Amino acid sequence: MRYYTSWSRNFALDRSDDDSRELIHTIFAQDRAIVERQRPEELPVDLSEELHLKGPDAGTLQYRGMLGAIGVD
């Protein structure tokens, strides 16, 4: 998977864009190590096995409901 983003800033305008870019790359590298250890395929499709919050989990609930609808266990 590739993730593309754009960013801007309205702070530290005295610093170069390269400094800000390096900071963003450092943060993404830290996040990458965590994200690559995730195994979402191990999540149960049966939503009754977990507690969900309707608002924050809405996207995940819809995705997992769709997996169940096509027969993914």
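Please find, among GLU36, GLU50, the residue that is exposed (fewer than 10 other Cβ atoms within 10 Å of the Cβ) and out of contact with any strand residue (DSSP E or B) (no Cβ under 7 Å at 6 or more places or on another chain). Walk me through how you get there before you give the answer.
On the way: GLU50 fails: exposed (fewer than 10 other Cβ atoms within 10 Å of the Cβ).
None of the other options fit; the residue is GLU36.
If I go through the range 4-54 residue by residue, how many of them are modelled with pLDDT under 80, out of contact with any Gly (no Cβ under 9 Å at 6 or more places or on another chain) and outside any loop (DSSP other than H, G, I, E, B)?
5
State all residues of the range 1-37 that are on the phi < 0 side of the Ramachandran plot and among the small types (Gly, Ala, Ser); if no residue qualifies, say none.
SER6, SER8, SER16, SER20, ALA29, ALA33
The values are calculated or read from the model by the stated rules, or taken from the named source; none is laboratory data. Computed from a predicted model, the values in this text were never measured in an experiment. Positions of Cβ are backbone-derived with ideal geometry, glycine not excepted, and every protein chain shown enters the neighbour counts.
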